[in-house]
Amino acid sequence: CGDDHTHDARDGHDHAHTKREFPSSPLAPPSRPLTWGALNILHTTDSHGWLLGHQKTSFPEPNYSGDFGDFASFVSHMKELALKKDVDLLLVDSGDLHDGTGLSDGYAPGGVDAHASNQFFKELPYDVLAIGNHELYIYNNTLDMHQNFAPRFNGRYLSSNVNITIDGVSKPVGSRFAKFKTRKGRAVTALGVLYDFTGNDKNTTVQPVEAMVKEAWFAAAIKDEPDLFLLAGHMPVSRDNWPLVFNAIRAVHPITPIIILGGHSHIRDCLQLDGRSMSLESGRYMETVGWMSADLAAPKHERRHEGEDHGSGQGSDTKNITFSRRYLDPNRVTYEYHTGRGNFSFDTAWGRSITKGLEKLAKTFDLSFEYGTAPHDFTINQAPYPSNDSLLSLVEQAMPIALTVNNTRASTPNIMITNSGSLRFDIYAGPFTKNDQLTASPFADSFLYIPNVPAVVAKAVLPALNGAGADERRRDESMEAELWARGYVGTRYREWIEEMYRRDVVEGGEARRAAANLTLGYVTSDACPGVGDDTPHAPLEFHSIPDFIASAAPAVADDAPIDLIFVDFIETQLIGIVNSVQKDKVFTTADVSQYTDILATELLGIFAQQAWN
Ligand SMILES: O=c1ccn([C@@H]2O[C@H](COP(=O)(O)O)[C@@H](O)[C@H]2O)c(=O)[nH]1
C-alpha cells in the first residue's frame, strides 16, 4: 500500500480502499508543519451541520472532504502529540450548529433541527463552546441546546449574554462563564459572547455586548487574574464588539494573555488587539479548522513557586507573546500530514464510529433521495448574475413554478421576492438530492403575500430593496444595521472572497496559478504576521450579487392588482419598502397572508422534479 500497514480498514476488510481512505481527487498537502507553542488551540466555527464533509468532486470541495469522524481522529492524534510535547491543546467552537445541511435540517416532521447531528458534536472533547445566532431563530432549538446539549459540556457551553425563558424564568442557555485549569495547570477564565443579534425568537434574549460588560457578574468573573482569558464567541474578530470585552478586561488586567476565538462572518481572519493577545476566526461549514499557538509563560502558580512572580501574576513576563495561527483545509491529507499518520494508521475506532453514525443518520433522513439531475453547476458568486449559471437566476425561475403548485392563487399575476442570503451553497452538476436541496436553501421559511398591490408599486419594491431604485434611493445605514443585527452576514463573506479574487487578478494570478499548479480554494490575507493558509490555493472567480432577487414581473398594466409574494424572513424590510415606494396606503402585517404551505427548504426540490427529470 505504500503506507504503514497497520491495516484497520473502515469496513473491516484489509485493502478495501474505500472512497474515504483516499479522497476522490488528489489533494495538495499542507505547505509546512504547524508551529506548536506552550498552549495550542484547534478551533471550529459556523459548522452549520456540515459534519459529513463536502462530498462534491469539483474544486474547491475536495479541500473540505474530511468528515467529523476524520476530525475526531485528528483531534485524538493531536492530543497525543500535545502529551508527547508536554504542552496544552484546547478544542474550542464558536457556534452556529444549526441550519446548513440535511444532517441538521433533514429531520422528520416533529423533530428538532440539529438535535440528531448535535449528538456527534457532543462526542468531541470540546473545552469551550459558544452559542451562535442560529441556535436562536427557533425557540425549540434553543430549548434543545439548553436541555440536551449544554449539560454534556459540564458548564463549558457558554452563553454569556444569551438567555432562554422557561416557565416564566429567564436563565442562561448554557453558562455565563467558565473557569478551569488546563492539563498543564493554566488557569483559564472563558466567556462565550454573541454579537448584538436581534433576530432571536420570543422567549430568548440577547443582551447587547456593551451592556453585558457592565454586569456585576462580569466584573466578578474577570476580577481574579487567570493565566489566560479565553474569549470564545459568535462575533466576527474584525469590525464588531470584541474591543468592548477586551478593553473591559484590559482595564483590570493590563498584561494577562487574552485569546479571542470568533465567528459569524464565515471568513478566515486574524488580528492582534495588542502584543499579548490574538484573535482568530475560522471560516464556515467545516471548510476551515483554525489553529493557534501561544508561547505562554508557565502557569502563575508554578512561577510563584519558583519565586518569579512579583505580584502582577505575570511575573516579569510582560513582553509580547509569540503567537502563530493557521487555517487548515479539513481533509484527510491535511490531518495525516500534521499528525504524521498515513491512510491506514490515521483512523481511530472512535473516529470511524462517528463517520458510520453520520452515514447512518444520512440514510435515516433519506438524504440521497434524488429530485432530478442538475444539468450544470449553479453558483452564488462564481457566475455573473443574472445568467444561466447563477443560482440566484435559477431561484428566480424556480419560485413561480414551485410556489404555485396546488395553489388557488396561481392564476393571479405576481412578483415573488426572496433574499439572496437565504441561498447558502452552490448546486453542482449531477444528481440533485435532498441533501443538496438543504445545503442550497436550509431555512424552513414560509412564503407570504400582500394581494392587490398595483403592479407599478410591486415592480418598484425589488430595486428599492436593493438600494438602487429609479430615484437612486440608497439603502440607508439603519437598514444595513438592522439586516446585520438580524444575522445578515453575506455581505462580509462576499467582500472577503471578492478581495481575494481582485488581489489575485492584480498580482497576475492566472499565470502564477498555472506555474504553481494551484487548486482552487481560499487565499487569505489577514492582519497577523506571515501566511495564514495551511495549503496554498488560487481563488475562485467572483461576481457580485444583489441582496434581494425576484421572479420576472408580469406584463400587465401599471394599475393592475397583483400578488406581492415574499419570504417571511424579509417581512419587516419589505413592508417598510412598500410603504416607502407609495403613499396611497400604509401597509401593515395585517395585509399579509400565507401564500403557500411550501417552504423555502422545499422549493428547489419541487422545481427539480418538474424541470430536471
Ligand atoms: O430564516 C432565515 C435565517 C437566516 N437567513 C440568512 O442567514 C444569514 C445569517 O446566517 P449566519 O450563518 O449567521 O451568517 C442571514 O444573512 C440571512 O441571509 C435567512 O435567509 N433566513
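The values are calculated or read from the model by the stated rules, or taken from the named source; none is laboratory data. Predicted, not measured: the structure shown is a model, and the values here were computed from it. Cβ coordinates were reconstructed from backbone atoms using ideal geometry, including for glycine residues, and neighbour counts include every protein chain displayed. Heavy atoms of the whole protein, side chains included, go into the accessibility calculation; ligands, DNA and RNA do not. Shrake-Rupley method; radii C 1.70, N 1.55, O 1.52, S 1.80 Å.
Quick notes on this one:
- All of (1) more than 24 Å from the chain's Cα centre (by Cα); (2) of a type outside the set (A, V, I, L, M, F, W, C); (3) under 28 Å from R424 (Cα atoms); (4) outside any helix (DSSP H, G or I) hold for T318 with one exception: (3).
- Of the helices (runs of 4 or more DSSP H) contained entirely in the range 477-551, those carrying at least 1 residues that are under 27 Å from A398 (Cα atoms) fall at 477-485, 490-506.
- Scan of the range 377-395 for residues that are part of a loop (DSSP other than H, G, I, E, B) and within 28 Å of Y107 (Cα to Cα), ordered by number: D377, I380
- Checking each residue in the range 594-613 for being more than 16 Å from the ligand (Cβ to nearest atom) and open to solvent by 50 Å² or more (accessible area, probe 1.4 Å) picks out D597, Q609, Q610, A611, N613.
- Test for V405: is it touching a strand residue (DSSP E or B) at 6+ places or on another chain (Cβ under 9 Å), in a helix (DSSP H, G or I) and closer than 29 Å to P109 by Cβ: no
- Inside the range 90-112, residues that are hydrophobic (A, V, I, L, M, F, W, C) and surrounded by 24 or more Cβ atoms within 10 Å (Cβ to Cβ) make up a count of 4.
- Pairing residues of the range 428-447 that are hydrophobic (A, V, I, L, M, F, W, C) with residues that are more than 13 Å from the ligand (Cβ to nearest atom) and in a helix (DSSP H, G or I), at Cβ distances under 8 Å and at least 6 apart in sequence or on separate chains, gives F432/L604; F432/G605; F432/A608; L438/G102; A440/L391; A440/L604.
- Scan of the range 56-79 for residues that are over 30 Å from D377 (Cα atoms) and touching a residue at least 60 places away in the same chain (Cβ under 8 Å), ordered by number: A72, S73, F74, S76, H77, M78
- Qualifying residue in the range 553-564 (condition: within 22 Å of L483 (Cα to Cα) and either aliphatic (A, V, I, L, M) or open to solvent by less than 20 Å² (accessible area, probe 1.4 Å) (or both)): yes
- Among the residues of the range 135-145, at least one is away from the ligand (no atom under 16 Å from the Cβ), under 28 Å from D436 (Cα atoms) and at pLDDT 95 or above.
- The residue that is nearest to P546 (Cα to Cα), among those in the range 366-406 that are touching a Pro at 6+ places or on another chain (Cβ under 9 Å) and open to solvent by 50 Å² or more (accessible area, probe 1.4 Å), is Y385.
- Taking the criterion of being of a type in the set (G, A, S), part of a loop (DSSP other than H, G, I, E, B) and either away from the ligand (no atom under 13 Å from the Cβ) or without any contact (Cβ under 8 Å) to a residue 60 or more places away in the chain (or both), the only residue of the range 182-209 that qualifies is G185.
- In the range 157-176 there is at least one residue that is touching a residue at least 40 places away in the same chain (Cβ under 8 Å), open to solvent by 10 Å² or more (accessible area, probe 1.4 Å) and within 20 Å of I249 (Cα to Cα).
- Selection from the range 43-84 of residues that are aliphatic (A, V, I, L, M) and either within 16 Å of the chain's Cα centre (by Cα) or open to solvent by less than 20 Å² (accessible area, probe 1.4 Å) (or both): L51, L52, A72, V75, M78, A82
- Scan of the range 209-268 for residues that are among the polar types (S, T, N, Q) and open to solvent by less than 10 Å² (accessible area, probe 1.4 Å), ordered by number: T256, S265
- Residue, farthest from the chain's Cα centre (by Cα), within the range 8-42, restricted to residues that are open to solvent by less than 20 Å² (accessible area, probe 1.4 Å) and at pLDDT below 70: A9
- Residue check: R325 meets all listed conditions (1) crowded, with 19+ Cβ neighbours inside 10 Å; (2) more than 24 Å from the chain's Cα centre (by Cα); (3) more than 14 Å from L51 (Cα to Cα) but one, namely (2).
- Subset of the range 74-102 [in contact with a Ser or Thr (Cβ under 6 Å, 6 or more places away or on another chain) and more than 16 Å from the ligand (Cβ to nearest atom)]: S76, H77, D88
- Residue in the range 511-519 that is of a type in the set (A, V, I, L, M), at pLDDT 95 or above and surrounded by 13 or more Cβ atoms within 10 Å (Cβ to Cβ) present: no
- Selection count where residues are part of a strand (DSSP E or B) and near the ligand (Cβ under 8 Å from one of its atoms), scope the range 419-432: 1
- Residue under evaluation V405, criteria (1) of a type in the set (V, I, T); (2) within 30 Å of G467 (Cβ to Cβ); (3) away from the ligand (no atom under 16 Å from the Cβ); (4) in contact (Cβ under 8 Å) with a residue 60 or more places away in the chain, criterion not met: (2)
- Inspection of the range 98-114 identifies at least one residue that is in contact with an Asp or Glu (Cβ under 7 Å, 6 or more places away or on another chain) and under 14 Å from G357 (Cα atoms).
- Tally of residues being open to solvent by less than 10 Å² (accessible area, probe 1.4 Å), within 16 Å of the ligand (Cβ to nearest atom) and touching a His at 6+ places or on another chain (Cβ under 7 Å) across the range 269-284: 2
- Condition check for N154 on (1) away from the ligand (no atom under 16 Å from the Cβ); (2) open to solvent by less than 50 Å² (accessible area, probe 1.4 Å): one failure, at (2).
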